[in-house]
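Have a look at the structure below before the remarks.
Any read-out appearing in this document is the output of simple, stated calculations on the displayed coordinates, not a laboratory observation. Quick caveat, the model's predicted, so the values are computed rather than measured. Note: ideal-geometry Cβ built from the backbone for every residue, glycine included; neighbour counts use all protein chains shown.
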Amino acid sequence: MVERLTKTWHFYFICVGIMLSVAAASNAAESLEEKSAQFFIKLDENGVCNTPKEAVVFTLDSYGLIDKSFEGLKKVSIFVKEIGGKKLNSFKELPGELEFQKGRASFFIEDSEPETLELDIIEGKNRSPFPASITFKEKSPPERLEIKLASRGNINEPQKGALLALDKDGDITIDYSQKGLNIAVKELGRVDKSFTLDPGSLDIYEGKASFSITNSEEDEELLIQLSDPKGRFKPIEARITFSVSDKEPPEIIDLKMETLAFVELTFSEELDDGSATDPNNYEVVCSERQRPRSVEFHGDRVILELDDLLRSHEEMYVEARNLKDLSGNEMERGARSPDYAVPYVPLRLDTDISSNPAEVGTTVTITIVARCTSGRIPQFINGQFEVEVTEQTSDGSYDLSSLNIQMTRGEGKFTVSNSSPETLTIIVSDSDGEVDSTTLELKFI
């Protein structure tokens with residue numbers, strides 16, 4: 001009898017445990033479902049075999065804005081399928097689940113042959129996937145080769161040069177590699193050889209090769225010649241003139257912005273690309289400090305891509321460190337750009353009316369979303385917004401819950417009710433003048 005009661009109680013506790021687990025899982029699923037409206041997968045249009053391509057998954061709310069409430073979410077899985085029924089063995093290093101930071105998660109895809117892959121992002125169980133695709137293409141030779149040099153070199157200091165393999169748009173063809181290209185230097189108008197060249201032949205790796213020249217004569221012009229012993233491209237030439245050694249470090253002479261997500265810096269001279277392309281060498285200072293997400297290098301200019309958009313009209317500057325010119329002169333510690341007023345970039349107000357037209361005597365809720373769409377990532381706009389309601393008839397028959405709306409994470413709501421058939425004109429404007437006002441009409445019938 002005791003044994004039978006014991007088994008009965010065990011069975012009871014097991015059932016209760018299962019019920020609690022199911023309830024917890026259900027609540028977690030409902031919580032996740034409430035938070036997420038959709039996902040958005042951003043991929044490069046084309047990949048190259050054996051070259052990893054980065055993909056980014058954004059969590060979006062019902063307005064299409066990044067939902068930062070997904071901090072640290074790990075319940076989203078990613079799957080890759082090959083089109084054409086091939087085995088799933090030609091891609092590498094793909095995570096089975098993603099962890100989100102500030103509403104965004106990244107992963108890499110690497111393929112070994114030209115083909116198209118389909119991707120599915122799965123949120124929880126029995127949920128519809130969010131699809132995307134990426135096509136990998138064949139490696140192709142560059143459209144042209146180009147020798148890149150500074151306009152002048154410095155006596156007895158190595159002058160760096162680079163050979164770039166470029167595509168038709170002038171971008172580096174990173175998948176192009178080639179060994180055994182011949183490089184030679186000739187002096188123009190002189191017999192004696194007062195230079196050294198290192199190395200004497202070049203191996204291109206991922207579309208780029210480097211070399212250096214040291215010279216001992218001032219104002220001497222050298223001719224650099226590059227040729228392919230196998231005849232795969234025509235010989236190319238470049239010229240360089242040596243002068244007195246440069247001892248001055250580079251300086252930031254200009255800063256400008258075209259959008260709220262990119263900052264362009266111009267320097268007094270060309271920079272060493274090894275130091276100039278490191279995001280850790282820059283810090284953008286506005287209302288908060290942030291390091292750039294990436295750096296685009298253009299010799300004496302760099303373009304910093306930001307994760308968090310800057311706010312219009314705020315003062316900002318950029319601090320730089322460890323940057324070197326082509327002579328190895330390092331920028332002074334604590335160097336910074338001139339102060340800069342972030343330009344005005346039009347922001348947008350979106351409105352959503354719960355019922356339009358509405359019946360007389362009902363209460364209508366109007367939702368306002370303020371956002372900036374400049375750059376890659378939308379930004380929520382907080383602050384005080386003003387609401388003005390005017391009727392298109394003469395009697396004062398409307399009731400407004402608030403004439404001022406405080407936006408929180410870019411969203412605010414107010415209600416209007418009316419007692420007679422008429423149309424109300426509603427104008428929402430920003431007290432700071434950053435957001436263009438929006439006008440809508442609400443009809444009562």
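In region 252-341, one over the average inverse separation of all distinct C-alpha pairs is 12.9 Å, which is the Kirkwood hydrodynamic radius.
For region 238-278, the calculated P(r), taken from all Cα-Cα distances in 5 Å bins from zero up to the bin holding the longest distance, is 5, 15, 19, 22, 20, 9, 6, 4, 1 percent. Given the pairs LYS53/LYS75; LYS137/LYS230; LYS139/LYS208; LYS179/LYS208, which span a C-alpha to C-alpha distance of over 19 angstrom in this model? With Cα atoms farther than 19 Å apart: LYS53/LYS75; LYS137/LYS230. Measuring r between the beta carbons of SER420 and SER128 and using R0 = 60 Å, the FRET efficiency lands at 0.85.
On the basis of the beta-carbon distance and an R0 of 22 Å, THR135 and GLN101 show a calculated FRET efficiency of 0.20. Give the Debye-formula value of log10 I(q)/I(0) at each listed q (0.18 Å⁻¹), with one equal scatterer per alpha carbon of region 170-329, two decimals each. Calculated log10 I(q)/I(0) at the listed q: -1.13.
Label sites at LYS443 and GLU221, each approximated as a point 7 angstrom past Cα along Cα to Cβ, lie 7.7 nm apart.
Residue-normalised convex hull volume from the C-alpha trace of region 144-243: 95 Å³ per residue.
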